Amino acid sequence: MSNILIVEDEPRMRRLLEISLGEEGHTVHTAQDAEAGLKCFQREAIDLILTDLNLPGMNGLEFLQEAKRWNASVPVVVMTAYGTVETAVEAMKTGASDYVLKPFSMAEMRLVINKELDVQRVRDENRSLREALGKRYHYQNIIARSAKMQEVLAIVERVASTNSTVLLGGESGVGKDLIARAIHQNSRRASGPFIKINSTAIPDTLLESELFGYEKGAFTGANASKPGKFELADKGTLFLDEIGDVPAPTQVKLLRVLQEREFERLGGTKTLKVDVRLIAATNKDLRAALEQGTFREDLYYRLNVVPIDIPPLREHKEDIPDLVNHFLLRFNHENGKRVESITPAALKILMEYHWPGNVRQLENTVERAVALSASPVIDVGAIQLDSGGRSDPAAGSPVLPEGMSLEQWEDEIIREALRRANGNKSQAARMLGLSRNALRYRLSKMGVADEAD
Ligand SMILES: Nc1ncnc2c1ncn2[C@@H]1O[C@H](COP(=O)(O)OP(=O)(O)OP(=O)(O)O)[C@@H](O)[C@H]1O
Ligand SMILES: [Mg+2]
């Protein structure tokens, strides 16, 4: 059974949880504020933390941050009052594993806790298995000290040697390109071509001819025949970036290639067969697109054979010091400079930032710092974080995550609620404390179509 730490200021609730979880066979530690909670966490071998978000003194979010800093692998479940889902979502972004809205039933609470403990157990087993084999994953040019990135690499390792289609998901700048290349380089196709095509960068009308090629005279301007990317990628890997933006007619053709491995050039009659491994990437929630009917379900399932979700940088901040060193080396090399390290104060700024643009933004920030730094050690003055054009981020503690507008933040919360409700809008509305109509109005403002239900 497990060691559970409960942090809750309200005595009756604390007692109730203590008894109920104790009855389950867990060893329960309790604390009435964050400070006491932290002490206990640092002293005992805790397997899971259950904390209220609304605490006197250090609040629940700060507590969560501190706890994660101490040991990021211990799951933290947060409790928060109905109607304050925003804080719950913020807690999830800070690294909470799940949240429970008050008032809750003990059955519900036990369910969440058991689920978290199960997940943790599987992770631990995987980890100890790997450790027993001395296995940590190293890929050239990929920084992945954190457990989250190690998990990504573990899947990369398993999938690279197969021919499975891979769907890479993750926000902009998290490393989808990098991971796609790693899969190719570690596959049996490594000596074959790696061809990339970005559907957003190509006008809809040209995308098909780019993918499948065309014969002379297929359309005005087609003065000579041209092979498409699928042909070019034969015996290698085709990386389809921004798959969510592929228009409907092209989706049909893609589906056919995936099913039958054959196609014709535009205006051509000869059926071509190719041996191509497809890796697709998206920074959108393709599930939402499915719900809206803008992305074909059959294609989605063909693509989503092996999903790899790359976490945003704010969820694996432990990697920031390594990433900074990695980029320092690179930019020194590129610019012939000798900026060797970074002061603890400057690193602290980088560790605390929210990184809406993920690793790419960190990379740019380090590049700028190297350029600006007159000394061999980067200090606070050389760190410039663009706050997305918003004014005066220094005034008081930030209310919003840095780099986000209120609107973006609201949209995120709504999307998160929809995800948690598996797309069920009534349930999402309830989670958000909104009426269905109010949610519908907000969704339409966000450009999310409504006809789905
Ligand atoms: N784990 C990592 N280790 C080292 N470098 C990284 C890592 N993750 C990302 N990078 C670097 O960050 C930059 C952005 O990564 P990449 O282009 O792969 O992101 P992306 O997810 O494809 O972004 P987008 O959605 O905007 O296309 C690249 O220069 C990449 O080399
Ligand atoms: Mg990319």
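The values are calculated or read from the model by the stated rules, or taken from the named source; none is laboratory data. Everything numeric in this text was worked out from a predicted model, so none of it was measured. Quick reminder, even Gly has a Cβ in these numbers, built from the backbone with ideal geometry, and neighbours come from all protein chains shown.
Among the residues of segment 63-72, which ones are loosely packed, with under 15 Cβ neighbours inside 10 Å and within 15 Å of residue 93 (Cα to Cα)? Quick ask: steps written out before the conclusion?
Of the residues in segment 63-72, the ones loosely packed, with under 15 Cβ neighbours inside 10 Å are 69-71.
Scanning segment 63-72 gives a single hit, 69.
Taking the stated definitions as given, is residue 176 surrounded by 14 or more Cβ atoms within 10 Å (Cβ to Cβ) and either modelled with pLDDT under 90 or touching a Ser or Thr at 6+ places or on another chain (Cβ under 9 Å) (or both)? Criteria met by residue 176. Within segment 213-222, none of the residues are away from ligand 2 (no atom under 16 Å from the Cβ), free of Cβ contacts under 8 Å to residues at least 60 places away in the same chain and under 30 Å from residue 329 (Cα atoms).
Scanning segment 351-394 for residues that are of a type in the set (Val, Ile, Thr) and either modelled with pLDDT under 90 or surrounded by 16 or more Cβ atoms within 10 Å (Cβ to Cβ) (or both) turns up 359, 365, 366, 370, 378, 383. Restricting attention to segment 147-189, the residues being near ligand 2 (Cβ under 10 Å from one of its atoms) and assigned to a helix (DSSP H, G or I) number 5.
Which of the strands (runs of 3 or more DSSP E) contained wholly in segment 241-350 include at least 3 residues that are touching a residue at least 60 places away in the same chain (Cβ under 8 Å)?
Fully inside segment 241-350 and qualifying: 277-282, 306-309.
Taken over segment 106-139, the criterion of being at pLDDT 70 or above, of a type outside the set (A, V, I, L, M, F, W, C) and in contact with a helix residue (DSSP H, G or I) (Cβ under 9 Å, 6 or more places away or on another chain) is satisfied by 110, 123, 136, 137, 138, 139. When residue 408 is evaluated against the numbered criteria (1) at pLDDT 70 or above; (2) assigned to a loop (DSSP other than H, G, I, E, B); (3) among the polar types (S, T, N, Q); (4) closer than 30 Å to residue 448 by Cβ, which criterion, by number, is the only one it fails? Among (1) at pLDDT 70 or above; (2) assigned to a loop (DSSP other than H, G, I, E, B); (3) among the polar types (S, T, N, Q); (4) closer than 30 Å to residue 448 by Cβ, residue 408 violates only (2).
Residues are listed down the side, and each one gets a yes or a no for (1) within 16 Å of ligand 2 (Cβ to nearest atom); (2) crowded, with 16+ Cβ neighbours inside 10 Å; (3) modelled with pLDDT of 90 or more:
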{"site": "257", "(1), (2), (3)": "no, yes, yes"}
{"site": "270", "(1), (2), (3)": "no, no, yes"}
{"site": "275", "(1), (2), (3)": "no, no, yes"}
{"site": "283", "(1), (2), (3)": "yes, yes, no"}
